[in-house]
Amino acid sequence: MSERFFPDSMPPPLADSISLAWWRAAAEHRLVVQRCTECEHTRHPPAPVCPECRSSESEWMEVPGLGEVYTYTAVHRPIAAGQTLPFVVAVVALEGSGGLRMISNVVGVDPDEVEIGMPLEVVWEDMSEELAIPRFRPRRRPGTT
Amino acid sequence: MGRTKAHVVGVGETKYARWGRIGDVSEHALACQAILRAVEDAGLTMDDVDGLASFAEDRNEAVFIAAELGLPALRFANMVWMPGGGGGCAAVGNAAMAVETGQAEVVVVYRSLCQGQFFRFGNAGRDAAAPPDPAPPTVQQANSLMLASLGFTMPYGLLMAAAAYALPTRRHMHLYGTTSEQLGTLALTFREHASRNPRAVMGGRPMTMDDYLASPMIADPHRLFDCCLESDGACAVVVTTAERARDLGKPPVEILASEQGAPKGYAFGPFSNANIPDDLYATGGCEEMAGRLWGKAGLGPGDVDVAQIYDHFTGCVLMQLEDFGFCKRGEGGPFIESGALAWKGGSLPTNTHGGSLSEAYIHGLNHVVEGVRSLRGESTSPVEGAEVCLVTSGACVASSAILLGRR
């Protein structure tokens with residue numbers, strides 16, 4: 001098992017038939033985004049139709065797991081029992097994703113040190129054998145761009 | 001003969017109380033009470049009412065309310081899709097469309113909230129102190145589009161609105177240098193307005209900047225006093241035709257224009273959408289809608305005498321001030337700091353009832369009630385000679401707004 005940051009009692013992901021594939025990739029520690037096979041527009045969260053060309057054809061594109069803080073908040077109220085406070089929720093701008101961002105956490109750093117523009121890398125938290133959550137920590141490996 | 005503009009002719013509310021303090025009266029009984037008071041204020045009876053309107057997630061379904069209040073016939077029942085409080089003004093706008101097109105003659109818009117009798121917003125029905133489920137965590141089925149969307153926020157602990165709307169506010173601070181003191185000035189201003197309002201839950205609780213800065217951090221940069229109240233209570237407004245409005249007791253207030261909506265790709269806003277376009281992220285998402293509203297009414301921000309702006313969080317008010325053009329983008333902080341929103345001496349007296357920050361959190365329908373009172377000269381913080389009032393609902397979600405006028 002990986003390093004743990006949050007308790008088991010955190011809310012689990014809720015998925016429909018479209019987003020389930022994203023969580024299956026996550027379970028294999030692959031961070032993916034959906035890409036339209038017609039116009040190559042990327043989108044997140046997963047959705048049935050491309051909002052640009054309205055094609056229903058799409059594929060999963062793996063991204064490098066690097067990004068930076070677009071914005072963030074340090075939350076001082078617990079969501080689950082046994083949680084360390086405060087914890088940081090961030091919008092992470094993902095490298096190599098066609099300009100996408102995702103909501104995640106910044107872990108492994110004092111919340112007071114988090115700032116917009118901070119370079120990040122993904123760190124997978126295995127909540128169980130079936131569930132891995134991509135969180136982010138300050139970047140240790142060099143970026144691709 | 002062409003129909004003319006709809007008017008608001010009656011307003012009413014129950015007592016407002018802190019979250020969970022109304023336990024002995026049901027939420028839907030409160031809705032009925034507010035509706036009866038608004039209809040009485042209009043000088044009408046329930047026999048005149050043929051339409052009911054509300055907005056997203058209303059538990060108090062119109063078909064039951066209509067039966068309980070003995071409507072002769074329910075000709076129009078309507079609920080807006082926009083989430084949370086975003087649909088308040090849209091519900092009034094839909095009521096206006098109904099009476100302007102002859103779908104109904106008298107429509108009551110209502111909202112009742114008793115979160116203590118159900119679950120508290122912001123924790124999705126979860127108890128943070130509850131012991132964990134012994135089963136290993138796994139992906140679960142989302143039973144709605146909304147839950148599938150929140151599936152990408154909840155595992156990260158993003159459940160509270162206070163945290164969600166901290167995200168654009170933090171970015172606004174980063175881009176434009178907006179300060180906590182500027183947000184605090186806004187909270188203090190609305191609290192001062194509440195001090196004259198006997199309905200206000202926080203009416204007897206003056207606040208200083210030191211109080212504001214010392215209030216506990218909830219989700220940085222949101223302190224406790226950046227967040228709206230959580231309240232129990234209900235309110236209602238009565239909408240009818242210009243012809244009917246003319247013969248009633250109270251000064252009629254015209255609905256000059258109403259608009260609703262969200263920009264492209266907005267979905268649930270920053271609550272679940274990390275991919276709002278960069279140029280819209282640190283805004284209330286209302287700019288395009290505001291342009292439509294001004295255009296429809298043939299008015300601009302300079303024509304507004306008093307405003308009732310949806311205030312779930314201080315930063316969301318600041319961004320709406322920019323979206324609606326009261327100041328330039330990025331200048332909301334200095335605009336607030338100048339005292340512009342104050343009843344005494346402000347260029348744009350705002351939330352003269354105290355708003356959701358200090359009167360009550362009734363999903364902003366109480367802002368419509370105050371908008372009507374402010375044009376009737378009935379506000380406890382009256383703006384002399386006010387003829388045009390802007391009321392907004394939402395911001396950072398799909399939103400709506402109306403312009404009210406008295407001539």
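None of the figures in this text is laboratory data; all of them are computed from the coordinates on show. On a predicted model such as this, the values are computed, not experimentally measured, just so you know. Neighbour counts are summed over all protein chains in view; Cβ atoms, including those assigned to glycine, are modelled from backbone coordinates with ideal geometry.
Taking every residue in A:125-134 and counting other chain Cβ atoms within 10 Å of its Cβ, the average works out to 3. Taking a straight Cα-Cα cut-off under 21 Å and skipping sequence neighbours fewer than 8 places away in the same chain, the lysines within cross-link reach of B:Lys264 are B:Lys296. About the centre of its Cα atoms, the protein assembly as shown shows a dipole size close to 580 debye [charges on the beta carbon of Lys, Arg (+1) and Asp, Glu (-1) only; nearest 20 debye].
Electrostatic bookkeeping for B:Gln182 treats Lys and Arg as +1 and Asp and Glu as -1; over the other residues with beta carbon under 12 Å from its beta carbon, the sum is -4. Relative contact order, whole percent, for chain B stands at 25, derived from Cα pairs under 8 Å and 6 or more residues apart.
Using the Cα coordinates of the stretch B:101-206, the gyration tensor eigenvalues translate into equivalent-ellipsoid semi-axes of 33, 26, 19 Å, sorted from longest to shortest. Expressed to the nearest 5 percent, the antiparallel share of DSSP beta bridges inside chain B is 75 percent. Count Lys and Arg as plus one, Asp and Glu as minus one, and take only other residues whose Cβ is under 10 Å from that of B:Asp232; the net charge is then +1.
Per-residue mean of foreign Cβ neighbours for A:104-113 is 1 (Cβ atoms of other chains, 10 Å radius). Taking every alpha-carbon pair under 8 Å whose residues sit at least 6 apart, chain A reaches a relative contact order of 24 percent. Sort largest first and round to whole Å: the equivalent ellipsoid semi-axes of the stretch B:169-318, each the square root of five times a Cα gyration tensor eigenvalue. In descending order, the three semi-axes are 30, 25, 14 Å. Taking every alpha-carbon pair in the stretch A:95-145 and binning the separations at 5 Å intervals from zero gives 4, 17, 25, 26, 16, 10, 2 percent. Between the stretch B:365-407 and the stretch B:252-281, the C-alpha centres lie 19 angstrom from each other.
Pair-distance distribution of chain B: all C-alpha pairs, bin width 20 Å, starting at 0; shares per bin in whole percent are 29, 60, 11, 0.
Working note: 222 nm ellipticity from helices only, DSSP H runs with n ≥ 4, each -39,500 (n - 2.57), summed and divided by the residues of the protein assembly as shown, gives -7000 deg cm²/dmol to the nearest 500.
Highest mean first, the peptides B:114-120, B:167-173, A:51-57 sorted by other C-beta atoms within 10 Å per residue fall in the order B:167-173, B:114-120, A:51-57. By the beta-carbon count within 10 Å of each Cβ, the least crowded to most crowded order of B:Lys250, B:Lys344, fewest first, is B:Lys344, B:Lys250.
The convex hull built on the alpha-carbon positions of the protein assembly as shown has an orientation-averaged projected area of 25.5 nm². Principal semi-axes of the equivalent ellipsoid, √(5λ) from the alpha carbon gyration tensor of the stretch A:20-138, are 27, 16, 12 Å from largest down. A crude spin-label estimate for the pair B:Phe64 and A:Glu38, with each label 7 Å from Cα along the Cβ direction, gives 4.4 nm.
Cα centroids of the stretch B:91-153 and the stretch B:1-59: how far apart, whole angstrom? Value for the Cα centre distance between the two parts: 20 Å. GNM on chain B, alpha-carbon springs under 10 angstrom: the most fluctuating residue among B:Ala166, B:Ala129, B:Ala73 is B:Ala129. Counting only other chain Cβ atoms within 10 Å of each residue's Cβ, the peptide A:94-102 averages 2.
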